[in-house]
Every structure is written in structure tokens, then in C-alpha cells.
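Scroll down for the structure; my scribbles are underneath it.
The values are calculated or read from the model by the stated rules, or taken from the named source; none is laboratory data. Fair warning: this is a prediction, and the values are worked out from it, not measured in the lab. Methodologically, a virtual Cβ is constructed for each residue, glycine included, from the backbone with ideal geometry; neighbour enumeration extends over all protein chains shown. Remember, those area values only see protein heavy atoms, side chains included, never the ligands or the DNA or RNA. Shrake-Rupley method; radii C 1.70, N 1.55, O 1.52, S 1.80 Å.
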Amino acid sequence: PMADHMEPTPLGRSDWLLFLALLTNQEGDAMRYLGEVSNTYEALAARTRDVTVRPLVITGRTESRDTWDLPGDRNHLAQLIHDAGGRYF
């Protein structure tokens, strides 16, 4: 069972690649790739750490005409928005 959707951070979600790599005997490739992804992500996130004015961002989706699904603020998407210099609604 994959539970990557329960990870609260983007890099935590990417770590599930290792789970799949274990099943296919490709741990070395996965570790190298995850190292590159992690380094790149951290470098990009560092560019916005000192941002003082962060635009307010709201995201969600509608399943039907009458409801709107708005994820909470403790999830990977909210973390992505923060790391990109935004402020999640």
C-alpha cells in the first residue's frame, strides 16, 4: 500500500520513491535521484526564506456544483506554497 498522500511535506512524499525502488531493486538509482531532488528543492526554497511580503494563495477543487474541497494547512501543498514564497489561506 502506498501512503505517500499522507506525507505532510513535498520531500516526504518524494521519499516514497525509495519504497518503489526497493520493490524493483533500484535503490542506488533512487538514492541518487532523491539526493538531486532534495538539493534542488532546498536551494529553491532557500531563495524565499527571507521574503517578508508573501501573497495569499488559496487552492482547492470542486467535486460538484455545491461543495468545495479545501485542504488544510498541514499538507504538502501548503508547504510547497510556503517554500515558493506564498502564504496558504
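Annotations for the structure displayed:
- All conditions in (1) out of contact with any Asp or Glu (no Cβ under 9 Å at 6 or more places or on another chain); (2) open to solvent by less than 100 Å² (accessible area, probe 1.4 Å) hold for residue 32, with the sole exception of (2).
- Scope the range 58-89; condition surrounded by fewer than 17 Cβ atoms within 10 Å (Cβ to Cβ), aliphatic (A, V, I, L, M) and either assigned to a helix (DSSP H, G or I) or free of Cβ contacts under 8 Å to residues at least 12 places away in the same chain (or both); matching residues: 77
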